Amino acid sequence: MRAEIIDTGNPRIAAARININAPANKLFDFIANPKNHPKIDGSNMIRGKVYGPSKLKLNSWFLMRQFRLVPYFMPNKIVEFEESKVIAWRNASPSRWRYEFKPLSDGSTEVTQYLDCSNTPEKLAKSELSWAAKAMSKTLVRFKQYFRSEEHTSELQSHSDLVCRLLLEKK
């Protein structure tokens with residue numbers, strides 16, 4: 001399973017995309033809760049607690065404990081918010097991380113993640129963009145895996161599947 005790294009045509013914007021077998025609103029709600037971010041982080045930079053509301057909205061703030069060479073806290077402000085479609089935040093660098101959710105006809109969702117360094121100082125942008133596409137690709141794969149395991153778990157909650165699982169566990 002792989003996410004597609006996208007050529008945006010802009011050297012200061014990195015992006016990756018993946019299709020996930022879940023509705024857009026469910027995926028959006030997961031990302032709109034910043035406490036979920038460490039569960040899928042492909043950069044391995046988010047460490048420890050994430051502080052903020054359980055449902056982000058336009059102009060809300062959240063804080064992530066991160067590590068890159070040294071531990072630090074990264075403040076983030078929601079700068080775009082369109083329910084079930086787009087969420088983006090600006091951090092202190094001032095890079096912008098953005099997710100787009102596009103429902104597909106089969107009930108799945110195309111999820112695209114961006115790092116926009118258009119307003120970031122050149123040296124810092126170059127540093128962030130050097131690892132971002134690969135990290136976003138890993139994040140999206142983890143996101144898909146998370147929802148695959150959630151789907152499997154909820155399938156096993158049905159009565160007939162529960163009976164089957166119990167019978168298998170007895171063997």
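A few points about this structure:
- Verdict on K126 being free of Cβ contacts under 8 Å to residues at least 40 places away in the same chain, in a helix (DSSP H, G or I) and not hydroxyl-bearing (S, T, Y): yes
- Look at the range 1-21: where a residue is within 20 Å of S43 (Cα to Cα) and a partner is open to solvent by 60 Å² or more (accessible area, probe 1.4 Å) and of a type outside the set (D, E, K, R), sitting 6+ places away or on another chain with Cβ atoms under 6 Å, you get A16/I5.
- Residue in the range 102-122 that is in a helix (DSSP H, G or I), at pLDDT 90 or above and not β-branched (V, I, T) present: yes
- The range 99-113, subset open to solvent by less than 50 Å² (accessible area, probe 1.4 Å) and touching a strand residue (DSSP E or B) at 6+ places or on another chain (Cβ under 7 Å), residue farthest from H37 (Cα to Cα): S108
- Which numbered condition S95 misses (of (1) within 17 Å of K26 (Cβ to Cβ); (2) open to solvent by less than 50 Å² (accessible area, probe 1.4 Å)): (1)
- Residue that is within 12 Å of the chain's Cα centre (by Cα) and open to solvent by 40 Å² or more (accessible area, probe 1.4 Å), where the choices are K123, K144: K144
- Of all residue pairs spaced 6 or more apart or on separate chains, those with beta-carbon atoms under 8 Å, a first member in the range 40-57 that is within 15 Å of W89 (Cα to Cα) and modelled with pLDDT of 85 or more and a second member that is assigned to a strand (DSSP E or B) and open to solvent by 20 Å² or more (accessible area, probe 1.4 Å) are V50/L63; V50/R65; Y51/L63; G52/W61; G52/L63; L56/F81; K57/F81.
- Entry remark, the range 58-92: residues being open to solvent by 20 Å² or more (accessible area, probe 1.4 Å), modelled with pLDDT under 95 and among the aliphatic types (A, V, I, L, M) number 5 in total.
- The lone exception for R2 - which of (1) surrounded by fewer than 19 Cβ atoms within 10 Å (Cβ to Cβ); (2) touching a strand residue (DSSP E or B) at 6+ places or on another chain (Cβ under 6 Å) it fails: (2)
The values are calculated or read from the model by the stated rules, or taken from the named source; none is laboratory data. Note that this is a predicted model, so its numbers are computed, not measured. All Cβ positions, even for glycine, are placed from backbone atoms using ideal geometry, and neighbour counts span all protein chains on display. Remember, those area values only see protein heavy atoms, side chains included, never the ligands or the DNA or RNA. Shrake-Rupley method; radii C 1.70, N 1.55, O 1.52, S 1.80 Å.
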